[in-house]
Ligand SMILES: Cc1cc2nc3c(=O)[nH]c(=O)nc-3n(C[C@H](O)[C@H](O)[C@H](O)COP(=O)(O)OP(=O)(O)OC[C@H]3O[C@@H](n4cnc5c(N)ncnc54)[C@H](O)[C@@H]3O)c2cc1C
């Protein structure tokens, strides 16, 4: 009987579907021991595996991933690995100046780590590109958010460039946006390609073994052995025993019995068009690749891509708070309709282009925007709750946790100070009603930015 229940990943992620088929690692079918066991093969889990292997080449490291690598949230996101503050809980992504400075340094360490992995594993160029991103505004209100953001960047001596409506049109080919704020430090990922390449790179010619389609259904205390507590992670067909476990499962850490009633599982949704024909690409104009976050945190992220999977457009919008960790079919349909309507409003010249993929995915937030991290029981460490910016923060907490669990002093993320614990939530029903009505209202207020 499974103790730890796994929620479904709604819809097929276009990012993975447009890639050539990859050889999937086999699932766990034996009962084995490992020096370190990592549960979860997203940004946090894979970063932890790479860092542990850097620290101790001889250590036997096992990683159990419930699905195929890149099938979960790590292969479902919009690929913005952002260096600057990106607090989803605020209107304009900003927090306090001090916190934002600290966060920027941490995010940059994570981007450096990802870049060095891409070089070491010779990832395809599209997997991670250091090209920056634009915060796009379609309304006066959005423009004001950009102005405030720019003032904040001035205070922290960050560089940026303001784009006017013509420059936005030159970039995107569309008339929709009146203003943009470009910042240079964001790395843009093809998330599924990056995660697959990272998994394959980490496990090639090393002591890291990745088992895919191997959900952990129970984690049991096996008692003391040679002065160390031993844990056994059970899957349907096998088990791994270890004295050192990293939980890199984001919000699903609650299902392991930790941080209960302190974490919010939020879903957001994306659609990707079919391949554009060269005629359609020409009709659209603009540059072949661009990446926009919305100036309003509740607006749409929009990307134009032109890599291995062809010329396509991606739209991400809509949010839902699902304490059950499952997104409903009804909400998925409504998100798909919202993507089509945002696409049609922006790309009238592409009126014959339909969406080929539509999907949703989980992210995890805490009320006080902190990680759910640290040693939660003897030998069990959590590297969870990335507060929406999991590409960068997940990478960072994976590295930090690998260093903590192995007792490494010299850190690749030198600016991290242990944070307070995630704050307790109100009762689930109350949270559900208040968070969802708040998000519906904010989405409505986002107007044309959505
Ligand atoms: C549509 C969408 C757009 C997004 N856009 C962005 C963006 O542009 N930039 C950004 O930074 N973030 C974005 N995010 C958020 C980002 O994807 C997540 O924050 C990030 O994936 C978290 O990384 P992680 O490694 O902590 O967790 P995950 O990526 O969730 O990885 C955890 C893994 O653990 C596995 N797992 C869970 N339970 C078990 C178990 N019992 N046994 C074995 N394995 C288990 C899961 O299958 C999963 O693969 C977006 C998310 C979505 C859904």
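The values are calculated or read from the model by the stated rules, or taken from the named source; none is laboratory data. Computed from a predicted model, the values in this text were never measured in an experiment. Counting neighbours? That spans all protein chains shown, and the Cβs are built from the backbone with ideal geometry, glycine included.
Kindly provide the set of residues from region 185-209 that are within 14 Å of the ligand (Cβ to nearest atom) and part of a loop (DSSP other than H, G, I, E, B), ordered by number. Across region 185-209, the qualifying residues are 185, 186, 190. Of the residues contained in region 379-399, none is found to be away from the ligand (no atom under 12 Å from the Cβ), touching a strand residue (DSSP E or B) at 6+ places or on another chain (Cβ under 8 Å) and modelled with pLDDT under 95. When residue 243 is tested against (1) more than 15 Å from the ligand (Cβ to nearest atom); (2) surrounded by fewer than 21 Cβ atoms within 10 Å (Cβ to Cβ), exactly one condition is not met: (2). Residues that are away from the ligand (no atom under 14 Å from the Cβ) and assigned to a strand (DSSP E or B) within region 210-232 comprise 221, 222, 223, 224, 225, 228, 229, 230, listed in sequence order.
Going through region 246-290 one residue at a time, which ones are closer than 30 Å to residue 53 by Cα and near the ligand (Cβ under 10 Å from one of its atoms)? Of everything in region 246-290, those that are closer than 30 Å to residue 53 by Cα and near the ligand (Cβ under 10 Å from one of its atoms) turn out to be 247, 248, 249, 250, 251, 252, 253, 255, 256. Only one of the numbered conditions (1) under 30 Å from residue 118 (Cβ atoms); (2) within 16 Å of the ligand (Cβ to nearest atom); (3) surrounded by 19 or more Cβ atoms within 10 Å (Cβ to Cβ) is not met by residue 422, and that is (1). A single member of 361, 299 is under 21 Å from residue 127 (Cα atoms), at pLDDT 95 or above and touching a helix residue (DSSP H, G or I) at 6+ places or on another chain (Cβ under 6 Å), and it is 361. For region 364-378, the set of residues classified as at pLDDT below 95 and within 12 Å of the ligand (Cβ to nearest atom) is empty.
Every listed requirement among (1) within 12 Å of the ligand (Cβ to nearest atom); (2) in a loop (DSSP other than H, G, I, E, B); (3) surrounded by fewer than 23 Cβ atoms within 10 Å (Cβ to Cβ) is met by residue 111 save one, (2). Those strands (runs of 3 or more DSSP E) of region 236-338 in which 2 or more residues are on the phi > 0 side of the Ramachandran plot occupy 310-321.
Among residues of region 377-398 that are more than 20 Å from residue 257 (Cβ to Cβ) and assigned to a loop (DSSP other than H, G, I, E, B), those with a beta-carbon under 7 Å from a residue that is more than 8 Å from the ligand (Cβ to nearest atom) and at pLDDT 95 or above at least six positions away or on a different chain give the pairs 387/365; 387/366; 388/365. Looking across region 1-17, the residues that are in contact with a helix residue (DSSP H, G or I) (Cβ under 8 Å, 6 or more places away or on another chain) and not in a loop (DSSP other than H, G, I, E, B) come down to 15, 16.
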